[in-house]
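Nothing in this text is a laboratory measurement; each read-out follows from the coordinates by a stated rule. Remember, predicted model here, so these are calculated numbers, not experimental data. Note that each Cβ is placed from the backbone with ideal geometry, even for glycine, and that neighbours are counted across all protein chains shown.
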Amino acid sequence: MARSIVTRNASKQFTMRYHRTIKQITIAAMRRQKISDTFNAVNDVSFDIEEGESVGLMGLNGSGKSTLLKLISGVMKPDEGRVLTRGRIAGLIATGAGFHPQLTGRDNVFLNAAILGMSEAETKRKFDQIVDFADIGKFLETPVGHYSSGMFSRLGFAVAVHTDCDIFLVDEVLAVGDRPFKKKCVARMQEVREAGSTMLYVSHASGSVRKMCDRVLVLEQGSLGYDGPVDEGIKYLNYEDDSEDDVNSEDSEDDDTDGELGADI
Amino acid sequence: MTAQSERPAQVGSFREGSLEPELISPFDSAGLVEVFKRRYLLRLLVQKEIQARYQGSLLGVIWSYVPSLVRFCMYFFVIGLILGLHKTVPNFAIHMFAALTAVHFFTETFSSGTRSIARNKAIVRKMPMPREMFPVASVIVSMIDSFPQLLILFIGAVSVGWHPDLLGIAAFLLGFAVITVLGTALALLFSAMNVFFKDFQQIVSTFQMFTHWIVPMIYPFVKIASSSFAGTWLYTAYLSNPLTVAVLLFQRAFWVPTFPTCGTPEAATAPNICAPGGDVSAVGYPVLPHHLFLLGFVMLAASLVILVLCQRAFSRLEGKFAERL
């Protein structure tokens, strides 16, 4: 089987700047304070993910999960090492990020789909499905700036999950929308998975990771701490205590909510 | 690392596609080449930009001309009437408006391009796409913005007896190309630098105070050619500015063909500025610089080189966009 995602010694450093103006920098330098500081958000991470695999990415807040996902999606560039991917990438990473508040829902669907790499014909073909999924009714023709936050996210979700892709990344609170919508999202993610896409799923909820994934990566302060089967991974994180509550329960995604709302940058 | 040219495979083909995509770096893109491969996205971004720019204002798109027109009227009265350039320069209004159109296109490109990445930070921080899209889209928006002004220039020129000559049209196209390429280059570089320090958008607006004075707009080129620094390094420096050359090309296209024939009574007030024997292609130094077209092509070539360099600088800087915005 072909490899779908390859990372080799990938590192990403962030610079924290304490002072922004020349005056502040001069004063700080005179007082011998630090002007900037760096930390490794992702530190020397290497792994391979095969095509069609479904991998859970776990770790505490601030362990670098979102940064790693940004390296894989191509929003950020690793400072050292390399990250390689095969095929089109989509996912629930920044749903609605490309939405322009002054454009209507319809225009935004087309724009967002184009950013995700869809052609005009492809968008037109899927437009009805997307609108059905988002279920925003007559608001389609109003500027998205007037949407409720639930409608805004639902429309973003709808575009993202209808993108044909080889790699599907998930890093988003499933807090958007109500329970029926959440169910629809989970069902759609299962579909994407069954269609053979590679999936990388960031979550704190061991229940849904058990359901969705066949392998787990655990990040610890930017480094890869664990790579292997799901159950051992959850044990490694000491997350198994809460697993009883959410396995097979309808509320399983609610646990996601609390954890991921506070997810790191 | 895999060659950058393989990147397009990622956009066009996925599982069902016939092409098996390669393992590539998801961040790298082919830059401007990639932008023009994804013309559909570019078109949507341009539409979005135009729609967003004038939303919620009654006069809408007219606002982009108000500063230009006010400036034009001011120059027309102060320079033309009070300082008397209407008398010494035939069709001085056309002379000025041709220059103003060129300069306006350039400054619009430069300033909106500089702000383009920072303005779209919501997308740049979260969604992978060729980041050159934004400066290029703002160049195209500025270009579209310039069309009504060109139309006014065209009507104005026709009303004072302009008839197009082939060389004039070539001059216009060459001047337009110089501004487009140079504007794109500067938009790329400054939009990237503006991500790191917002000072750059201030620098750009300060720089723009000069643009009206360092090109032959409120004074004719003949003043430079007949001044004391003709033939010195200052003269060379003056003509080394691509914008100056573009302005002169615009004037060659719209103003020079309106000249009166030398020796006729209409040409009496400005014996220098006329068409010998009614032939506009014979107009040359000191109304226009020597070898204007050669100069234009040199500037176009130089702008292309600058564009390549700015694209390289952009590729280097874009690695930190997502975290610095």
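Sort A:54-66, B:216-228 for me by packing, meaning the mean count of neighbouring Cβ atoms within 10 Å per residue, highest on top.
Working: A:54-66: 21.8, B:216-228: 18.0.
For the peptides A:54-66, B:216-228, the packing ranking is A:54-66, B:216-228.
Please work out the C-alpha center-to-center distance from the stretch B:254-325 to the stretch A:178-201 and express it in whole Å.
Going from one Cα centre to the other spans 59 Å.
What does the charge count near B:PHE293 come to, summing +1 for each Lys or Arg and -1 for each Asp or Glu among other residues with Cβ under 14 Å from its Cβ? Can you show the working numbers first?
Numbers: positive: B:ARG252; negative: B:ASP165.
Residues near B:PHE293 contribute 0 overall.
Mind giving me the FRET efficiency for A:ARG3 and B:HIS291? R0 is 51 Å, r the Cβ-Cβ distance, nearest 0.05 is fine. Don't jump to the answer; show the numbers that get you there.
Details: r = 59 Å, r/R0 = 1.15.
Between A:ARG3 and B:HIS291 the formula returns 0.30.
Could you list, in their original order, any pairs among A:LYS70/B:LYS198; A:LYS70/B:LYS48; A:LYS70/A:LYS126; A:LYS34/B:LYS198; A:LYS211/B:LYS320 whose Cα atoms are separated by more than 30 Å?
Working: A:LYS70/B:LYS198 25 Å; A:LYS70/B:LYS48 26 Å; A:LYS70/A:LYS126 26 Å; A:LYS34/B:LYS198 22 Å; A:LYS211/B:LYS320 36 Å.
Over 30 Å Cα-Cα: A:LYS211/B:LYS320.
With the radius of gyration and the Kirkwood radius both derived from the Cα set of the protein assembly as shown, what is their ratio Rg to Rh?
Numbers: Rg = 29.3 Å, Rh = 27.1 Å.
Rg/Rh for the protein assembly as shown comes to 1.08.
With a sphere of radius 12 Å drawn around the Cβ of B:HIS104, what net charge do the other residues whose Cβ falls strictly inside it have (Lys, Arg +1; Asp, Glu -1)? Intermediate values should be presented prior to the final figure.
Details: positive: B:ARG71; negative: B:GLU108, B:ASP145.
Residues near B:HIS104 contribute -1 overall.
Using the crude model of +1 on Lys and Arg Cβ and -1 on Asp and Glu Cβ, and no other charge, please compute the dipole size for the protein assembly as shown relative to its Cα centre, in debye to 20.
Numbers: 54 positive and 58 negative charges, 608 e Å.
Charge dipole of the protein assembly as shown: 2920 debye, to the nearest 20.
Tilt of helix B:66-75 relative to the longest C-alpha principal axis of chain B, in degrees (0 to 90, nearest 10)?
20 degrees
Quick one: grab the alpha carbon gyration tensor of the stretch B:130-275, order the square roots of its eigenvalues as a ≥ b ≥ c, and give me rounded if a/c is under 1.5, else prolate or oblate depending on whether a/b is larger than b/c. Could the numbers behind the result be given before it?
Numbers: a/c = 2.78, a/b = 1.62, b/c = 1.72.
Since a/c reaches 1.5 but b/c is at least a/b, the shape of the stretch B:130-275 is classed as oblate.
For chain A, set up a Gaussian network in which alpha carbons nearer than 10 Å are linked by springs, and say which option among A:ILE93, A:ILE130, A:ILE27 fluctuates the most.
Looking only at A:ILE93, A:ILE130, A:ILE27, the largest GNM fluctuation is found for A:ILE27.
Considering the Cα positions of the stretch A:18-162, please state its Rg to one decimal place and its Dmax as a whole number of Å.
Final numbers for Rg and Dmax: 20.5, 63 Å.
Translational diffusion coefficient of the stretch B:65-165 at 20 °C, 1.002 mPa s, Stokes-Einstein with Kirkwood Rh over Cα pairs, in µm²/s as a whole number. Walk me through the numbers before you get to the answer.
Numbers: Rh = 15.7 Å.
Using the Kirkwood radius from Cα pairs, D works out to 136 µm²/s.
For B:TRP213, B:TRP63, what's the fewest-to-most ordering of other Cβ within 10 Å of each Cβ? Each step should come with its number before you reach the end.
Details: B:TRP213 9, B:TRP63 12.
Lowest count first: B:TRP213, B:TRP63.
If you bin every alpha carbon distance in the stretch B:136-210 into 10 Å steps from zero, what whole percent lands in each bin?
Once binned at 10 Å, the Cα pair distances of the stretch B:136-210 give 15, 36, 29, 15, 4, 0.
With a 10 Å Cβ neighbour count serving as the proxy for reagent exposure, in which order, fewest first, do A:ASP44, B:ASP279, A:ASP164 appear? Kindly include the intermediate steps, with their values, before the conclusion.
Details: A:ASP44 15, B:ASP279 12, A:ASP164 19.
Final ranking by Cβ density, sparse to dense: B:ASP279, A:ASP44, A:ASP164.
Out of the DSSP beta bridges found with both residues in the protein assembly as shown, what percent are antiparallel (nearest 5)?
Working: 24 of 42 bridges.
Percentage antiparallel, nearest 5: 55.
Considering every pair of different Cα atoms, what Kirkwood radius, in Å, is found for chain A?
Numbers: mean 1/r = 0.0507 Å⁻¹.
Its Kirkwood hydrodynamic radius stands at 19.7 Å.
How would B:LYS198, B:LYS48 line up from fewest to most surrounding beta-carbon atoms within 10 angstrom? Show your work: numbers first, answer last.
Numbers: B:LYS198 12, B:LYS48 21.
Lowest count first: B:LYS198, B:LYS48.
Which of rounded, prolate or oblate describes chain B when judged by the alpha-carbon gyration tensor and an a/c cut-off of 1.5? Kindly include the intermediate steps, with their values, before the conclusion.
Details: a/c = 2.27, a/b = 2.05, b/c = 1.10.
Prolate, since a/c reaches 1.5 and a/b exceeds b/c.
With springs connecting C-alpha atoms under 10 Å apart, model chain A as a Gaussian network and identify which of A:VAL75, A:VAL109, A:VAL42 has the largest mean-square fluctuation.
With Cα springs under 10 Å in chain A, the top fluctuation among A:VAL75, A:VAL109, A:VAL42 is at A:VAL75.
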